[in-house]
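**Q** First, the structure itself, so that you have it in front of you.
The values are calculated or read from the model by the stated rules, or taken from the named source; none is laboratory data. It should be emphasised that the depicted structure is a prediction, and the values quoted were computed from it without experimental measurement. Cβ: placed from backbone, ideal geometry, glycine included. Neighbour counts: every protein chain shown. Each accessible area value is taken on the protein alone, full model and side chains, heavy atoms only, with ligands, DNA and RNA left out. Shrake-Rupley method; radii C 1.70, N 1.55, O 1.52, S 1.80 Å.
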Amino acid sequence: MALKFQGSLAPRVTTAVIGTGKVAPAETEGGGTAVCDGPRDRFKAVWIIFFLLGLGTLLPWSFFITAEEYFKSRLAQRHVSSNASGQPGLQGNASEVGEHHPADSSLERNFNSVLTLCSMLPMLIFTCLNSVLHRRISERVRMLGSLVAILIFFVLTTVLVHVHALSHQPSTFFAIIMVTAFLINSFVAVLQGSIFGLVGLLPLNYAVPVMSGQGMAGIFAAVAMIFSLLQGNDHSHSAFGYFITACVTIFITIIAYLAMSQLVQGNKQPDGEGPELELDAKPEPKIMEPDSVLSILKQIWMPALCVCLTFTITLGVYPAITADVVSTSATPGSRWEILFIPISCFLLFNLLDWAGRSFAGLPRIGSLWLLLLLVCARAAFVPLFMMCNVHPRGAAALPVLFPHDAVFIVLILLFAFSNGYLATLAMCYGPKKVSGHNAETAGAIMAFFLSLGLSLGASISFLFRSLV
């Protein structure tokens with residue numbers, strides 16, 4: 001069944017061939033250009049599927065970073081040496097049980113920054129690669145293949161929870177986690193670039209469910225972790241159920257994508273490359289090749305810069321600094337001390353980030369210059385978070401001017417909402433500044449600049465953390 005478009009947001013578009021990056025234009029009967037507004041979407045099925053696809057793109061990062069306590073607990077485990085009888089010593093002095101090696105403390109301290117870098121660097125590399133691949137490999141192969149690969153790596157991560165042979169090899173465990181994060185996010189980059197390329201062919205409002213789904217991924221991960229902690233089990237049991245939840249969610253996303261393939265199944269191209277999204281047009285339109293990447297970039301440089309700067313600022317402090325804030329109102333060993341970071345840092349951030357992404361679908365900022373100004377103003381959050389009660393702190397660190405939990409929570413709320421709102425607006429505006437046959441390429445370029453911002457933020461987080 002083909003999806004029909006009838007409105008006025010994407011001029012000069014008649015038939016979008018998914019997987020080819022080509023659009024066939026045609027004039028309307030009145031001599032103007034054919035335009036589109038949105039698919040005939042019964043029960044919001046396509047909207048929901050795009051939401052699930054957005055969820056799938058950010059779910060791996062969200063689950064990995066929210067599970068920091070589990071990962072750090074594995075890195076902090078003592079090395080058990082053999083006692084005089086050759087049996088593992090379970091208790092005793094340092095010679096029997098072993099102290100933390102200096103490297104262990106370094107691994108724990110830098111875990112968030114290294115994980116962020118290993119997650120975001122492949123996002124940048126493979127998003128750039130995807131801008132070339134999307135013209136050579138079909139959308140179905142890229143998206144379905146990426147989702148299956150992500151599921152496989154999550155299954156392996158789940159199995160790793162009960163691989164006790166690594167319990168006393170923190171460096172090996174650290175390396176495996178970082179390699180896994182690198183590989184997963186390589187496929188996430190291809191998936192994300194493909195999704196935004198596809199969204200670029202559709203009306204403006206279809207970027208909103210993707211961005212909203214990405215925001216919901218963080219909420220989902222934070223809630224899953226909080227429930228795991230409330231169960232009172234050890235980290236291994238909690239993490240096993242936590243990662244199983246991620247596996248099931250990715251599997252559901254795969255089913256949703258396959259369902260969307262059926263919803264948009266239209267006339268096949270002669271070369272069999274994939275289904276069409278069929279628009280109101282005259283038969284047998286001429287296929288138009290997209291312009292060069294540089295030509296398209298010149299048209300969308302401002303929204304691309306906005307999305308890049310937004311995520312550079314966000315990843316510069318979240319979670320490298322924000323996850324190390326210590327509550328000053330919690331008593332030692334209390335439930336609030338245990339849940340302070342999962343709730344105030346991860347859950348609240350993702351709730352307000354999702355709210356910002358969703359609010360972007362309502363009346364929005366009309367001036368790109370104003371959008372850029374607001375994006376740059378977010379840089380003020382960096383020193384504000386650095387002056388919260390972050391521990392451990394270095395000798396030359398900034399003073400703690402905002403020790404109270406409430407100040408940190410308010411900052412998180414404003415920081416998260418502005419991130420979701422401004423990033424979504426930038427991602428929506430980018431593909432709509434070009435003609436229809438360039439929309440998919442513009443979407444892929446926007447995804448590249450999103451990943452560039454994430455990578456730059458991950459890199460600069462080492463500097464910001466060293467100043468605290």
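**Q** Go through (1) within 23 Å of Leu384 (Cβ to Cβ); (2) touching a residue at least 24 places away in the same chain (Cβ under 8 Å); (3) more than 16 Å from the chain's Cα centre (by Cα); (4) open to solvent by 10 Å² or more (accessible area, probe 1.4 Å) and name the single condition Leu456 misses.
**A** (3)
**Q** Residue under question is Phe220, and the condition is that it be over 18 Å from the mean Cα position of the chain (by Cα), aromatic (Phe, Trp, Tyr) and assigned to a helix (DSSP H, G or I); does it hold?
**A** On the way: over 18 Å from the mean Cα position of the chain (by Cα): no; aromatic (Phe, Trp, Tyr): yes; assigned to a helix (DSSP H, G or I): yes.
Answer is no for this residue.
**Q** Let me ask something else. Can you report the number of residues in segment 129-169 which are outside any helix (DSSP H, G or I) and either among the hydrophobic types (A, V, I, L, M, F, W, C) or over 22 Å from Leu107 (Cα atoms) (or both)? So that I can check it myself, show each step before the final result.
**A** Filtering segment 129-169 down to residues outside any helix (DSSP H, G or I) leaves 134-138, 161-163, 167-169.
Going one step further and asking which of them are either among the hydrophobic types (A, V, I, L, M, F, W, C) or over 22 Å from Leu107 (Cα atoms) (or both), we end up with 134-138, 161, 163.
Selection size over segment 129-169: 7.
**Q** Here is a further query. So which of Gly436, Gly453 is among the small types (Gly, Ala, Ser), closer than 27 Å to Val293 by Cα and at pLDDT 85 or above?
**A** Numbers: Gly436 fails: at pLDDT 85 or above.
Unique residue meeting the criteria: Gly453.
**Q** Of all residues in segment 425-441, which are farther than 14 Å from Trp301 by Cα and surrounded by fewer than 24 Cβ atoms within 10 Å (Cβ to Cβ)?
**A** Ser435, His437
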